Amino acid sequence: MKDEHRLLIALQDLDIMIKEVKDKVTSRELQSLGFKLTGLNELQDARDKLAKKVPRALLQRYEKLTQHYTVAILPVTGSLCLGCFVKLPTSFFSAVSRNELQTCENCGRLLYIP
């Protein structure tokens, strides 16, 4: 897996954590379970630093997808997109595509082969 894929996955993880901390209902539920939800500023700073390392075009594509989906980049398991559970075409698995992010033809999410 390329470094930019790892950066994008880490960015997505940070975005999900930030969203959970900001969401009042989710944060109340997590706090009632004993989780301390501090460090929002640190999460935002880490996200900003990480976003600067992702190529601009890829970051823009990712951010556009996050407007529609909570999870915008997913691994392929078997021959399925884990976003929409549609079977991917065999062309998806060509040797060239193994190191590149691909797009699900059905839902448009970014996919990678782990």
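Any idea what the relative contact order of the chain is, in percent, if you count C-alpha pairs under 8 Å spaced at least 6 apart? Can you show the working numbers first?
Details: 108 pairs, mean separation 30.1, N = 114.
It comes to 26 percent, rounded to a whole number.
Full extension of the chain segment joining Asp45 with Cys84 gains 10.9 nm, where the gain is 0.36 nm per residue of separation less the Cα-Cα distance. Cross-link check: pairs Lys36/Lys64; Lys49/Lys87; Lys19/Lys52; Lys2/Lys49; Lys22/Lys64 evaluated at a Cα-Cα cut-off of 24 Å; pairs beyond the cut-off: Lys36/Lys64; Lys49/Lys87. Rounded to the nearest 500, the helix-only mean residue ellipticity at 222 nm of the chain stands at -15000 deg cm²/dmol, with each DSSP H run of n ≥ 4 adding -39,500 (n - 2.57).
Over all orientations, segment 1-54 has a Cα convex hull whose mean projected area works out to 4.0 square nanometres. The order of Thr38, Thr66, Thr103, going from fewest to most other C-beta atoms within 10 Å of their C-beta, is Thr38, Thr103, Thr66. Among the listed values (i) -0.42, -0.86, -1.22; (ii) -0.52, -0.88, -1.12; (iii) -0.57, -0.94, -1.13, the one matching log10 I(q)/I(0) by the Debye sum over Cα atoms at q = 0.13, 0.18, 0.21 Å⁻¹ as calculated from this structure is (iii).
All of the numbers you see were taken from the coordinates with simple rules; none came from a lab. Note that this is a predicted model, so its numbers are computed, not measured. Reconstructed Cβ throughout: ideal geometry from the backbone, glycine too, with neighbour counts over all protein chains shown.
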